[in-house]
1. Looking at segment B:1-112, what % of its DSSP beta bridges pair antiparallel, to the nearest 5?
2. Taking every eigenvalue of the Cα gyration tensor of segment B:31-87, multiplying by 5 and rooting it, what semi-axes result, largest first, whole Å?
3. Aspartates and glutamates within cross-link reach of B:LYS73: Cα-Cα under 12 Å, excluding same-chain residues under 8 positions apart?
4. Evaluated at 4 °C with a viscosity of 1.567 mPa s, what Stokes-Einstein diffusion coefficient in µm²/s does the protein assembly as shown have when Rh comes from the Kirkwood expression over alpha-carbon pairs?
5. Please report the spacing between the Cα centers of segment A:22-43 and segment B:54-97 in Å, no decimals.
6. Taking θ as phi - 60°, what are the ³J(HN,Hα) couplings along segment B:77-87 by the Karplus curve (6.51, -1.76, 1.60), each to the nearest whole Hz, with x for Gly and Pro?
7. Please report, for the Cα atoms of chain A, the Rg to one decimal and the Dmax as a whole number; what are they, in angstrom?
8. Pop out the ³J(HN,Hα) list for segment B:93-106 in order, Karplus 6.51 cos²θ - 1.76 cosθ + 1.60 with θ = phi - 60°, rounded to Hz; leave Gly and Pro as x.
Amino acid sequence: NAGVTQTPKFQVLKTGQSMTLQCAQDMNHNSMYWYRQDPGMGLRLIYYSASEGTTDKGEVPNGYNVSRLNKREFSLRLESAAPSQTSVYFCASIILGTANQPQHFGDGTRLSIL
Amino acid sequence: AQTVTQSQPEMSVQEAETVTLSCTYDTSENNYYLFWYKQPPSRQMILVIRQEAYKQQNATENRFSVNFQKAAKSFSLKISDSQLGDTAMYFCAFMLINTDKLIFGTGTRLQVFP
């Protein structure tokens with residue numbers, strides 16, 4: 001069982017470059033999420049998608065765009081990367097309405113912007 | 001808005017001993033879930049234990065148990081018989097029913113010494 005798969009695992013960008021982080025889940029989950037994790041800050045929600053074709057802003061959406069083209073995949077795009085976006089990014093998924101079940105997380109993408 | 005506070009950035013414990021990690025949260029809602037996640041150096045996010053707010057009985061999972069004090073808005077994690085493999089970051093998280101959005105604390109880094 002693959003669960004939640006994130007690609008790439010590591011990436012280094014130059015300021016101003018663009019990049020898309022990919023996330024796919026094979027658990028037929030409705031809801032998908034993108035978080036960023038910074039030292040001393042815990043995980044902060046960037047965007048989430050409750051279902052295919054819908055997306056909503058989380059706590060820290062500025063500088064990011066997302067796309068939920070189908071039920072399996074939820075991508076996160078940095079149009080013009082900035083050093084402040086250096087972070088570890090996690091994708092997660094859950095079946096909508098089953099809040100007593102845990103979110104399933106991918107293994108993270110470590111992104112460095114120079 | 002809901003917030004989660006973990007006031008202990010770092011903790012240490014000797015192998016086989018017991019340690020308690022603190023978590024407080026703030027909400028005006030009555031129906032919610034609370035979680036403890038473990039993040040080892042591998043960066044995986046692993047669910048340790050969860051508690052439904054409507055249940056008065058404290059949740060227990062093997063060596064892990066919680067002390068849930070709803071009136072005080074406190075949700076501490078007790079790890080008994082600590083093992084070297086318990087060394088990790090521990091995150092407390094809050095989720096309102098029907099929102100599916102997790103709000104994380106800033107984490108506590110736990111080091112288990114032999």
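Throughout, read-outs are computed from the coordinates displayed, never taken from laboratory work. Everything numeric in this text was worked out from a predicted model, so none of it was measured. So basically every Cβ, Gly included, is an ideal-geometry build from the backbone, and we count neighbours across all protein chains shown.
1. On the way: 35 of 39 bridges.
Once the DSSP bridges in segment B:1-112 are tallied, antiparallel ones form about 90 percent.
2. On the way: eigenvalues 100, 34, 15 Å².
Square roots of five times the eigenvalues give 22, 13, 9 Å.
3. Result set, ordered by chain and number: B:ASP26, B:GLU29.
4. Numbers: Rh = 18.1 Å.
Using the Kirkwood radius from Cα pairs, D works out to 71 µm²/s.
5. Here the two parts' Cα centres lie 22 Å apart.
6. Ordered by residue, 3J(HN,Hα) equals 10, 10, 10, 9, 6, 3, 10, 4, x, 7, 4 Hz.
7. Spelled out, the Cα radius of gyration and Dmax of chain A are 13.3, 41 Å.
8. 9, 10, 9, 6, 4, 6, 10, 6, 9, 8, 10, 9, x, 7
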